[in-house]
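The values are calculated or read from the model by the stated rules, or taken from the named source; none is laboratory data. Only a predicted model underlies this, so the values are computations on that prediction, with no experimental measurement involved. Positions of Cβ are backbone-derived with ideal geometry, glycine not excepted, and every protein chain shown enters the neighbour counts. Areas reflect the complete protein model, heavy atoms only, side chains present, ligands, DNA and RNA absent. Shrake-Rupley method; radii C 1.70, N 1.55, O 1.52, S 1.80 Å.
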Amino acid sequence: MNKIWKVITCFSLSIIGMMIIYYSGTYFLIHTNEISSVEIVDKYSEENEFYVSVKTEENKIVDIRVENRTTWDLIELKETYQMTYSWHGNQKPKLDKITKN
């Protein structure tokens, strides 16, 4: 009986260890998304951070942080753009590249 508990304990600890490695890896992994036809539906700023809200091809609204004020000023509402953005963990997505269609 004692040997069975050792096997169960080792198996359980192995599963828990693999889950911790997997979830910490996905949290710190940088995700990138490129969308080819996106409409800007809103622009706003909060505490010296600039954001655009975009409507994706799947009709999802995504808020993307724009690091450069000049870039944010040049983005026009109701226009379509091609953009690449990235994020990791629970952070808001950050704009990497944008071009007007």
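Among residues of segment 37-52 being within 11 Å of M83 (Cβ to Cβ) and of a type in the set (A, V, I, L, M), the one that is nearest to the chain's Cα centre (by Cα) is V52.
Within segment 80-101, which residues are open to solvent by 30 Å² or more (accessible area, probe 1.4 Å) and assigned to a strand (DSSP E or B)? Within segment 80-101, T80, Q82, W87, K94, D96, K97, I98, T99, K100 meet the criteria. Regarding F50, is this residue of a type outside the set (G, A, S) and in contact with a Gly (Cβ under 8 Å, 6 or more places away or on another chain)? No.
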